[in-house]
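These notes concern the structure reproduced below.
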Amino acid sequence: QVQLVESGGGLVQPGWSLTLSCVASTRTFNLYNMAWYRQAPGKQREFVAIVSSGNYIRYADSVKGRFTISRDNAKNTMILQMNSLRSEDTAVYYCNGNIAGHDYWGQGTQVTVSS
């Protein structure tokens, strides 16, 4: 069973940038489809971005052009570069790993965008 650990959250002002990282404890990281989700207060968890095991990438419309997802299989790491942050990006961001239909989740990292 894989463990996912996020880091990089924090409090920033609108327009600023943040980089989130997710490190996976597995020797088969390259086989996982990796994604970011987020959950704002009082709202359901929503999809943010995905990078598949084959490096197919897709973004939610709300973050397209501002966020960049990437992975480094040699370091078992997935990155979410977030630029031009807005107040509506405030949420707990979760790392998700999927393999053979099984979902694994990290504990989440808080991102707060406020002036």
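Read-outs throughout are calculated quantities, based only on the coordinates presented, and are distinct from any laboratory measurement. A quick note: this is a predicted structure, and the numbers were derived from the prediction, not measured. Cβ atoms come from the backbone with ideal geometry, glycine included; neighbour counts cover every protein chain shown.
Calculated on the Cα set of the chain, radius of gyration then Dmax: 13.3, 42 Å. Only Lys, Arg, Asp and Glu carry charge here, each on its Cβ (+1 for the first two, -1 for the last two); on that basis the chain has a dipole of about 120 debye about its Cα centre. Radius of gyration (Cα atoms) of segment 58-115, expressed as a multiple of 2.2 N^0.38 Å: 1.26. Positive end of the dipole of the chain (Cβ unit charges, origin at the Cα centre): among T68, Y37, G54, the Cα lying farthest that way belongs to G54.
Its residues counted as N, segment 25-75 yields a C-alpha radius of gyration over 2.2 N^0.38 Å of 1.27.
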